[in-house]
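What follows is a set of notes on a single structure, which appears directly below.
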Amino acid sequence: MSPVTVGRVAAAVYKESVRDRVPLSMVFFAGVLIAASIFLSQLSAGQDVKIVKDLGLATMNLIGLLISVFVGTGLVAKEIERRSIYAVLSKPVTRSTYLLGKYCGLLLTLASNLAAMAVALYLVLGYFAIATPLPANSTRPPHVDPWLLLPLALLFVQLMVTTAAALFFSTFSGPLLTVLFTLAFWVAGHFGGDLRDYGRVVDSPIAAGVARALYYLLPNFGGLDVKNEVVHGAALDAAAITAAVAAAVTYAVALLGAAAAVFERRDLK
Amino acid sequence: MLAIETDALSKDYLVGFWRPRPYRALHDLTLAVEHGDIFGFLGPNGAGKSTAIKLLMQLVFPTSGQARILGQPLGDLAVKRRIGFLPENPSFYDYLSAEELLTYFAGLFGIPAAERAARVASVLDRVGLGAERRSRLRSYSKGMVQRVGIAQALINEPDVVFFDEPMSGLDPIGRREIRQLMLDLRARGTTVFFSSHILSDAEALCSQVAIVAQGRLVATGKVSELLSEDQHGWEVVVDGLPATALPQVGARARACTLVHDGRHLLEFAPGDPAELVRLMTEAGGRIVSLHAQRETLEAFFVRRVAAAAVRGAAEP
């Protein structure tokens, strides 16, 4: 596998997807939503900046997920459906290289879009820092809080796994099923704790066993969600976050490996 | 060494959702394509032409049999560097321009950055794409996309190029330009393998053809050899035949038609053409043209495909 070829495929994906109106309109929508939080925050005296931060991070979460699922689906499933993949795979490119290039290109797109949304959020927070500065002796987190970048970075890690899942599903199913599978994967990934503890609330050992198996099979995005802690200035568990990141990266690599194995022998009819 | 060779290449697809069963799209295809030929791969819609090309491109994998391109097994990256491919009804990336797409593909071939711009401009010129090369592909007509498809197949100056229905979507001028382009490629030593069901293109271009129907090879060989055995007479156009000579000449001909002012079209049974020339000259006529009446590729194709359909229907 040639890293140069991976880079070339990734660059083409990036160029194509940043020009596509779908992710652009999503980022625009996120910008509008973040700006609108200025007005929403007026409804809750004293909590305005918290609301802006909460709403901003939640919006970025949603938009990131949508880009990951819908653009990720288009990476392979739509290329097969539209048959644009034929010309690329007739070039001196292995299927695994193509797949990895697609993946890296979408991660680059996601990173750019998250960065654009982060700039929008910080601009709004900057406005609050000027309009309603914190008292000098305040124990609250600062308005323009650099720690907000941590939940953003962890969101990116979640999206790495979700995009790898979208790619994996698209190697053996059509665009619609890939979207459904990936959304289900994302939702299930946020209920890891519930799956783990399911055995405590049900009597059926089979149901408890299935839930436990799913808990081990699916990623646990709970450990990568520190929005509340950062917004409220709570303490963070560095070791737990590091472990969650390592597990997520391992999971993404495993998904990519599985996707490559399936895709290598797939007939592209 | 042959440019392309296939040996009993077969492909089954699974059809049916609840109870999938194999459907044989291609049966034991054995072909040999010489270097520098324009090889026409002909057949009606659904005959298995695209399946065969997809097998050669490793987009689908054979159920049985094998194939080699330039003496190497399929999928070899070194061979892929030397081949070009135009898919049927090609589709590319909506938000890239033709220039950007070709620059991307040139990069995949490892063409040095310094050469890419010139190479891209050169192939786009060859397929007749003008200033619109900088517009995004989503704004292109079907014919323009087809031209981009042909250009991308030539970006690496391939030794062997596969065109799947290259004339699709092109107007008559475009078709003539692509025919000329294929002849130019052959003149440079490139092997051109193209699938089509437009037989006039094949007849005008190909040194060899293969005809497939219902997934089976029904005929292959040089066009001249396939059709020569079916020659069924001579056609002579002659000017100035005196009225007095007409009964004598007409008696020898199978048909005699007055075309216009003193020009006659005469059809003769197979025989020595020198004797016909002598007959016309002695009768006082001036020969304008003398053609062997042969079955056209179209008639040959229709006959073979119909026979294959009858055989297919008779099989259990």
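The values are calculated or read from the model by the stated rules, or taken from the named source; none is laboratory data. Remember, it's a predicted structure, so these values are computed and weren't measured experimentally. So basically every Cβ, Gly included, is an ideal-geometry build from the backbone, and we count neighbours across all protein chains shown.
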Among (1) over 30 Å from B:LEU31 (Cα atoms); (2) surrounded by 18 or more Cβ atoms within 10 Å (Cβ to Cβ), there is one condition B:VAL79 misses while meeting the rest; what is its number?
(1)
In segment B:67-120, which residues are among the small types (Gly, Ala, Ser) and in contact (Cβ under 8 Å) with a residue 12 or more places away in the chain?
B:ALA67, B:GLY71, B:GLY75, B:GLY84, B:SER91, B:SER97, B:ALA98, B:ALA106, B:GLY110, B:ALA117
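Within the bounds of segment B:184-198, is there any residue that is buried (at least 21 other Cβ atoms within 10 Å of the Cβ) and farther than 23 Å from B:LEU31 by Cβ?
To start, the set of residues in segment B:184-198 that are buried (at least 21 other Cβ atoms within 10 Å of the Cβ) comprises B:185, B:190-196.
Subsequent filtering for residues that are farther than 23 Å from B:LEU31 by Cβ retains none.
Within segment B:184-198, none of the residues are buried (at least 21 other Cβ atoms within 10 Å of the Cβ) and farther than 23 Å from B:LEU31 by Cβ.
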How many residues are surrounded by fewer than 12 Cβ atoms within 10 Å (Cβ to Cβ) and either aliphatic (A, V, I, L, M) or free of Cβ contacts under 8 Å to residues at least 40 places away in the same chain (or both) if we restrict to segment B:217-247?
6
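From the list B:GLY84, B:GLY149, exactly one residue is surrounded by 22 or more Cβ atoms within 10 Å (Cβ to Cβ), within 14 Å of another protein chain (Cβ to nearest Cβ), on the phi < 0 side of the Ramachandran plot and assigned to a strand (DSSP E or B). Which is it? Spell out the reasoning first.
On the way: B:GLY149 fails: assigned to a strand (DSSP E or B).
After applying the criteria, what remains is B:GLY84.
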State which residue is modelled with the lowest pLDDT when the search covers only segment A:11-37 and only residues that are surrounded by 14 or more Cβ atoms within 10 Å (Cβ to Cβ) and in contact with a Phe, Trp or Tyr (Cβ under 7 Å, 6 or more places away or on another chain).
A:ASP20
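Have a look at B:ARG186, B:ARG116 and point out the one that is basic (Lys, Arg), assigned by TED's automatic domain parsing to the domain that holds B:ILE83, under 20 Å from B:ILE4 (Cα atoms) and assigned to a helix (DSSP H, G or I). Quick ask: steps written out before the conclusion?
Working: B:ARG116 fails: under 20 Å from B:ILE4 (Cα atoms).
After applying the criteria, what remains is B:ARG186.
Condition (residue is among the polar types (S, T, N, Q), surrounded by 12 or more Cβ atoms within 10 Å (Cβ to Cβ) and within 14 Å of chain B (Cβ to nearest Cβ)) applied to segment A:171-184: is it met by at least one residue? Walk me through it before giving the result.
Initial filter on segment A:171-184 (among the polar types (S, T, N, Q)): A:171, A:173, A:178, A:182.
Keeping just the survivors that are surrounded by 12 or more Cβ atoms within 10 Å (Cβ to Cβ) gives A:171, A:173, A:178, A:182.
With the extra rule that they be within 14 Å of chain B (Cβ to nearest Cβ), the set shrinks to A:173.
Yes, segment A:171-184 contains a residue that is among the polar types (S, T, N, Q), surrounded by 12 or more Cβ atoms within 10 Å (Cβ to Cβ) and within 14 Å of chain B (Cβ to nearest Cβ).
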Quick check on segment B:261-316: of everything there that is closer than 22 Å to B:LEU227 by Cα and part of a loop (DSSP other than H, G, I, E, B), which residue is nearest to the chain's Cα centre (by Cα)?
B:THR296
Please name all residue pairs, on different chains or six or more residues apart, with Cβ atoms under 8 Å, provided the first residue is in segment A:8-31 and is more than 14 Å from chain B (Cβ to nearest Cβ) and the second residue is among the β-branched types (Val, Ile, Thr) and part of a helix (DSSP H, G or I).
A:MET26/A:ILE63; A:MET26/A:ILE67; A:VAL27/A:ILE63; A:PHE29/A:ILE63; A:ALA30/A:THR59; A:ALA30/A:ILE63
Tally up the residues in segment B:89-125 that are surrounded by fewer than 18 Cβ atoms within 10 Å (Cβ to Cβ) and facing chain A (nearest Cβ under 10 Å), please.
5
Suppose we filter A:LYS91, A:LYS78 for residues that are assigned to a helix (DSSP H, G or I) and within 14 Å of chain B (Cβ to nearest Cβ); which single one remains?
A:LYS78
Kindly indicate whether B:ARG252 is more than 30 Å from B:ILE211 (Cβ to Cβ), surrounded by 13 or more Cβ atoms within 10 Å (Cβ to Cβ) and not assigned by TED's automatic domain parsing to the domain that holds B:VAL218.
yes
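Of the residues A:GLY64, A:GLY105, which single one is closer than 16 Å to A:ARG8 by Cβ and assigned to a helix (DSSP H, G or I)?
Details: A:GLY64 fails: closer than 16 Å to A:ARG8 by Cβ.
So the residue among A:GLY64, A:GLY105 that is closer than 16 Å to A:ARG8 by Cβ and assigned to a helix (DSSP H, G or I) is A:GLY105.
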